[in-house]
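K.L.:
Right, I'll just put the structure down here and ask away after.
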Amino acid sequence: MYRFVLTRQWVCLTLIALALIPAMIKLGFWQFHRHEHRVAQNELIARNLYGKPVPVTELTSPGHTVPRADYWRAVTATGTYDAAHEVVVRRRTNNDDKVGFHVITPLVLNDGRVVLVNRGWVAGGDDARAYPPVPAAPKGEVTVTGRLKADETSGDSGIRDRKGLPDRQVMLINSTQQAQYTGRTVLGGYLELTAPVPANGSPEPVGDPDHDSIGAHMAYAIQWWMFTAGVPVGWVILVRREKRDRAEAAAKASSESVPASA
């Protein structure tokens, strides 16, 4: 009665169904692991953002690669801004998704070493290749607080560090590059300024990283697993429908053959 499942058509359909089951299970776990990663990332960001600030020199040094565990750690630094070696980073957006520049000003510490400070976002002028209007950094000794970030690289960011850029404009925030530019010893990574906030609101402070949303990865995982369960159920439904259709076709053929034989 079910011999039709041994036909070429049904064997192919069954093999496809058997291949889909592990594939969709794997896709479900892929989305589940992405959900777990996002939750862990949110916990790391929240823990580091709201932790007690520590001196930046306790977490990084020249040539140091900031590990992910230290991303967004609250740090402090005291020194004097080196406005002469300030640069801007092209194609950066603010909280309203407007494209402009990030302002990177070296802060010379008391021991002569430098930490790069991202003072925030500014809009560009009429000429995209011209240096944008940037409020002057505070003069004299200052103490700043910010979030520790790792050096940006083309591999990590996907941004190409192009040559031939206008003077004092860069594509990436990178301590090694800025050490060559300033001729000073620069600590690895950089500091994303959170305090003091400019009185006139410019440069516009970089917003906190998102650490509340978890995305729809768990929903996608459940969806894939439901599809997995649906494959054998659908196969059974198709088999039963095929059996019914064949039975009806056989009955109809039998009923039509009676008059002919008479």
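Only the coordinates and a few stated rules stand behind these numbers; no lab work does. Worth saying up front: this structure is predicted, and the values here are computed from it rather than measured. No Cβ is skipped: glycine too gets one built from the backbone with ideal geometry, and neighbour counts run over all protein chains shown.
K.L.:
Output the peptides 241-248, 73-80 sorted from most to least packed, where packing is the average of other Cβ atoms within 10 Å over each peptide's residues.
P.N.:
Per-residue Cβ counts within 10 Å, averaged per peptide and sorted highest first, yield 73-80, 241-248.
K.L.:
Hey, another quick one. Less than 13 Å Cβ to Cβ from residue 177, Lys/Arg counted +1 and Asp/Glu -1: what total charge do the surrounding residues give?
P.N.:
Overall, the nearby charge balance is +1.
K.L.:
Could you state, as a whole-number percent, how many of the C-alpha pairs of the range 106-241 are farther apart than 19 Å?
P.N.:
Pairs farther apart than 19 Å: 67 percent.
K.L.:
Once the range 131-176 is represented by equal point scatterers at the alpha-carbon sites, with solvent omitted, what log10 I(q)/I(0) does the Debye formula produce at q = 0.16, 0.24 Å⁻¹?
P.N.:
Each listed q corresponds, in turn, to -0.70, -1.04.
K.L.:
Short version: what are the Cα gyration tensor semi-axes of the range 1-66, square root of 5 times each eigenvalue, largest first, in whole Å?
P.N.:
The three semi-axes for the range 1-66 are 56, 13, 4 Å.
K.L.:
May I ask for the net charge around residue 66, where only other residues with Cβ less than 10 Å from the Cβ of residue 66 are counted and Lys, Arg are +1 while Asp, Glu are -1?
P.N.:
It works out to a net charge of +1.
K.L.:
In percent, what relative contact order does the range 49-95 have, based on Cα pairs under 8 Å that are 6 or more apart in sequence?
P.N.:
42 percent
K.L.:
Quick check on packing: order 25-37, 144-156 by the mean number of other C-beta atoms within 10 Å, highest mean leading.
P.N.:
Going from most to least packed, we get 144-156, 25-37.
K.L.:
Whole Å is fine, so just give me how far the alpha carbon centre of the range 1-57 lies from that of the range 137-160.
P.N.:
One Cα centre to the other: 35 Å.
K.L.:
Of the listed peptides 15-21, 117-123, 104-110, what is their order by residue-averaged count of other C-beta atoms within 10 Å, with the highest listed first?
P.N.:
Working: 15-21: 12.9, 117-123: 22.3, 104-110: 20.1.
Averaged packing, sorted descending, gives the order 117-123, 104-110, 15-21.
K.L.:
With an 8 Å cut-off on Cα pairs and a minimum separation of 6 or more residues, tell me the relative contact order of the range 9-86 in percent.
P.N.:
Relative CO of the range 9-86 lands at 27 percent.
K.L.:
So if I take the centroid of the Cα atoms in the range 74-111 and the same for the range 192-207, what is the distance between those two points in Å?
P.N.:
Each part reduced to its Cα centre gives a spacing of 10 Å.
K.L.:
Can I ask one more? How large is ³J(HN,Hα), in whole Hz, for each residue of the range 68-73 in order, when computed from phi with the Karplus curve 6.51 cos²θ - 1.76 cosθ + 1.60 and θ = phi - 60°, using x for Gly and Pro?
P.N.:
Residue by residue, the range 68-73 yields 4, 4, 9, 4, 6, 4 Hz.
K.L.:
Under the definition of Cα pairs under 8 Å and six or more residues apart, what whole-number percent is the relative contact order of the chain?
P.N.:
Taking the mean separation of contacting Cα pairs over the length of the chain, I get 25 percent.
K.L.:
Run the reach check for residue 252 against lysines, Cα to Cα strictly under 20 Å, same-chain hits fewer than 8 apart removed. What comes back?
P.N.:
Partners found: 243.
K.L.:
State whether the range 55-158 is rounded, prolate or oblate according to the following rule on the C-alpha gyration tensor (a ≥ b ≥ c being the square roots of its eigenvalues): a/c under 1.5 gives rounded; otherwise a/b larger than b/c gives prolate, and the remaining case gives oblate.
P.N.:
Judged from the Cα gyration tensor, the range 55-158 comes out oblate (a/c at least 1.5, b/c at or above a/b).
K.L.:
Moving on to the next point. Step through the residues of the range 238-254 one at a time and calculate ³J(HN,Hα) from phi using the Karplus curve (6.51 cos²θ - 1.76 cosθ + 1.60, θ = phi - 60°), rounding each to whole Hz and writing x for Gly and Pro.
P.N.:
For the range 238-254, the Karplus curve yields 5, 4, 5, 5, 5, 4, 5, 5, 5, 5, 5, 5, 5, 5, 5, 5, 5 Hz.
K.L.:
So, one more: In 5 Å bins starting at zero, report the fraction of Cα pairs in the chain per bin as a rounded %.
P.N.:
1, 5, 10, 12, 12, 10, 7, 5, 5, 4, 4, 4, 4, 4, 3, 3, 2, 2, 1, 1, 0, 0, 0
K.L.:
Pick from 46, 221, 128: which is most flexible by mean-square fluctuation in a GNM of the chain where alpha carbon atoms under 10 Å apart are linked?
P.N.:
The residue that fluctuates most here is 128.
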